[in-house]
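Novice: One structure, pasted below without further comment.
The numbers here are math on the coordinates, done by the rules we state, and not lab data. The structure presented is a predicted model; accordingly, all values stated were derived computationally and were not measured. Every residue, glycine as well, gets a Cβ built from its backbone with ideal geometry; the counts of neighbours run over all protein chains shown.
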Amino acid sequence: MTKYILHGGYTRIKNKFNEKFFKEILLGFKSSAKILLVLFARKEKEWPMLEKRERDHLTKSRQDLKLVFEIANKKIDILERQIKYADVIYILGGENEPLQKQLRRVNYLKSLLKGKVVVGSSAGAYALSKYYYSVHNKGIFEGLGILPIKVLAHYTPRLGKKLEELKAHKENLKTYALEETKHIVLDE
């Protein structure tokens, strides 16, 4: 079974919701976990800072586990191998376009994700969905369709009309409004 965890954005904020989120990522592991950080939504110069920040959050959430971290490689053959051997695929948020452009190049991405914990925060959740509403780009866009759902991250009640537009867009799919620092879990 594949466990998908979708987060509404702002994992960097220290609060009880994000603490629960990081614990959820590592919930099923007994002694160790290999975590692949997918940072393509951010500028490469930010990667070391992001790797340290997420490593700190995850290590703090489960100090009893031996965690091995790796940053996703832009070379597709290496990236496919990294996905195959990771236990957790953690897709961080940022810019939608560069993230999805890179992930679209991965052969059989959905099958490579089978049996893993797959985490998408903000742009990461958008990439996993079939359709999403981007607050930043102010419109409805198509994700990679790994999950047959629609997503609106960074949700607040003032986006209610946009959520209704997303629900009515094309196919009738389950639609999720993800508030910042909050997450949902989907098993497939």
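Novice: Show me the ranking of peptides 1-9, 29-37 by mean Cβ neighbours inside 10 Å, starting with the highest.
Specialist: Packing order, densest peptide first, comes out as 1-9, 29-37.
Novice: Quick check on segment 66-126: what are the equivalent-ellipsoid semi-axes from the Cα gyration tensor, as sqrt(5λ), descending, whole Å?
Specialist: 17, 14, 11
Novice: Oh, and also: Ignoring everything except DSSP H segments at least 4 long, calculate the 222 nm mean residue ellipticity for the chain; use -39,500 (n - 2.57) per segment, divide by total residues, nearest 500.
Specialist: Value at 222 nm, helices only: -9500 deg cm²/dmol.
Novice: Right, here's the next one. Let me check I've understood the local charge: for K101, count other residues with C-beta under 14 angstrom from its C-beta, Lys and Arg +1, Asp and Glu -1. What total comes out?
Specialist: Neighbourhood net charge equals +1.
Novice: Oh, and also: May I ask for the net charge around G145, where only other residues with Cβ less than 9 Å from the Cβ of G145 are counted and Lys, Arg are +1 while Asp, Glu are -1?
Specialist: +1
Novice: Only bridges with both residues in the chain count here: give the DSSP antiparallel percent, nearest 5.
Specialist: About 25 percent, rounded to the nearest 5.
Novice: When you count, for each residue, the other Cβ atoms within 10 Å and take the mean per peptide, how do 60-69, 177-186 rank with the highest first?
Specialist: 177-186, 60-69
Novice: Local charge sum around E188 (other residues, Cβ-Cβ under 13 Å, Lys/Arg +1, Asp/Glu -1)?
Specialist: Residues near E188 contribute +4 overall.
Novice: What are the semi-axes of the equivalent ellipsoid for the chain, taken as the square roots of 5 times the Cα gyration tensor eigenvalues, largest first, in whole Å?
Specialist: 25, 19, 16
Novice: A follow-up question, please. Please get the size of the charge dipole for segment 22-69, origin at its Cα centre, with Cβ charges of +1 on Lys and Arg and -1 on Asp and Glu, quoted in debye to the nearest 20.
Specialist: Using only the charged Cβ atoms, the result is roughly 60 debye.
Novice: Give me P(r) over segment 1-89, computed from all C-alpha to C-alpha distances, binned every 5 Å, as integer percentages.
Specialist: 3, 13, 24, 25, 22, 11, 3, 0
Novice: Right, something else. Name the residue from L159, T175, P98 whose Cα lies farthest towards the positive end of the charge dipole of the chain, charges +1 on Cβ of Lys and Arg and -1 on Cβ of Asp and Glu.
Specialist: Towards the positive end, the residue furthest out is P98.
Novice: Treating only the Cβ atoms of Lys and Arg (+1) and Asp and Glu (-1) as charged, compute the dipole magnitude of the chain about its Cα centre; round to the nearest 20 debye.
Specialist: My answer is approximately 120 debye.
Novice: Dipole size in debye (nearest 20) for segment 29-108 around its Cα centre, Lys and Arg Cβ +1, Asp and Glu Cβ -1?
Specialist: Computed about the Cα centre, the dipole is about 100 debye.
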